[in-house]
Amino acid sequence: MAPPSTGAREKLLEAAFKVIREKGYTATTVDDLCQAAGVTKGAFFHHFSSKEALGVAAAEHWAVTTGAMFEAAPYHAPADALERVLAYVDFRKAILGGEMAEFTCVAGTMAQEVHDTHPAIAAACGAAITGHAATLVADIAQAMADHGIENAGWTAESLALHTQIVLQGAFVVAKATDDRQVVAESLDHLRRYIELLFSADNREETIQ
């Protein structure tokens, strides 16, 4: 017979996604996580030595689970690289459903709180965010090559990271104003910005 704790770690990590996005890392207690996961406190400390250890694991698990979702997402379908980049932005807008806590970022939420107090969590959050940005680099680089963009003063890596900076900033403002529309509008601006970077007029100005 499988031990009662089977699956408890995964349940706690999934609970962390929900509770931390609703309450924040600092306000979330071990009891909150255990209650949300439906496990005992003993099960928690069997898998995690502390709440900080859970925070690190949650950021890492977030990167893995969201990575799988984005890898299977439809924005990879277009044959044209620039269209794939724009489709990524469109996809991020399309998944803004549900409550605020359902579409905001666990890694971003924790990083805002713990960057000074829990460096291990902050590092895991940073790796999750920059790791996701890195998945866009190949398409951006191909789009730059396709459109003859060289010596532009920006790189595929910097634009990929900028997409995440826009998203994380939009999530913060959306929470502060209780207005999810901020995120949608920011993504619209991001799409227009990317289109402008690759426009013929902009390329001519760069060459000059």
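Decide, for region 49-144, between rounded, prolate and oblate: order the square roots of the alpha carbon gyration tensor eigenvalues as a ≥ b ≥ c, take rounded if a/c falls under 1.5, and otherwise choose prolate if a/b is larger than b/c, else oblate.
Taking the square roots of the gyration eigenvalues as a ≥ b ≥ c, region 49-144 is prolate.
Using the Karplus curve 6.51 cos²θ - 1.76 cosθ + 1.60 with θ = phi - 60°, work out ³J(HN,Hα) for each residue of region 32-46 in order, rounded to whole Hz, and write x for Gly and Pro.
4, 5, 5, 5, 5, 8, x, 10, 7, 5, x, 5, 4, 6, 5
Taking just the C-alpha trace of the chain, give me its Rg and Dmax in Å.
19.5, 72
Between E150 and A73, what FRET efficiency comes out of the Förster formula 1/(1 + (r/R0)^6) with R0 = 41 Å and r the beta carbon distance, rounded to 0.05?
So, using R0 = 41 Å, E works out to roughly 0.90.
What number, in percent, do you get for the relative contact order of region 1-138 if the mean sequence gap of Cα pairs under 8 Å and at least 6 apart is divided by its residue count?
About 29 percent, as a whole number.
Go ahead and estimate [θ] at 222 nm for the chain from helices alone: -39,500 (n - 2.57) per DSSP H run with n ≥ 4, summed, over the residue count, rounded to 500.
The helix-only estimate for the chain comes to -23000 deg cm²/dmol at 222 nm.
If I ignore ligands, DNA and RNA and count only protein heavy atoms, how much of Y193 is accessible to a 1.4 Å probe, in Å² to the nearest 10?
It works out to around 100 Å².
Round to a whole number: what % of the accessible area of the chain belongs to carbon and sulfur, probe 1.4 Å?
Within the chain, the accessible surface is 56 percent carbon and sulfur.
Hey, how many Å between the Cα centroid of region 182-196 and the Cα centroid of region 52-129?
18
Provide the per-residue ³J(HN,Hα) series for region 119-128, in order, calculated from phi with Karplus coefficients 6.51, -1.76, 1.60 and θ = phi - 60°, each as a whole number of Hz, with x at glycine and proline positions.
Once rounded to whole Hz, the list reads x, 5, 5, 4, 5, 5, 5, x, 5, 5.
For the chain, give the magnitude of the charge dipole about the Cα centre (Cβ charges: +1 Lys/Arg, -1 Asp/Glu; no others), in debye to the nearest 20.
780
Under 21 Å between C-alpha atoms is the cut-off here; go through the chain and count lysine pairs that meet it, provided they're at least eight residues apart or on different chains.
The number of close lysine pairs in the chain is 12.
Quote the accessible area belonging to F45 in square angstrom, nearest 10, computed with a 1.4 Å probe and with ligands, DNA and RNA left uncounted.
Its accessible surface works out to 110 Å², give or take rounding.
The values are calculated or read from the model by the stated rules, or taken from the named source; none is laboratory data. Note that the structure is predicted; figures quoted are calculated from it, not measured. When we count neighbours, we look across all protein chains shown, and the Cβ atoms used for this are built from the backbone with ideal geometry, even at glycine. The area values use the complete protein model at the heavy-atom level, side chains included, leaving out ligands, DNA and RNA. Shrake-Rupley method; radii C 1.70, N 1.55, O 1.52, S 1.80 Å.
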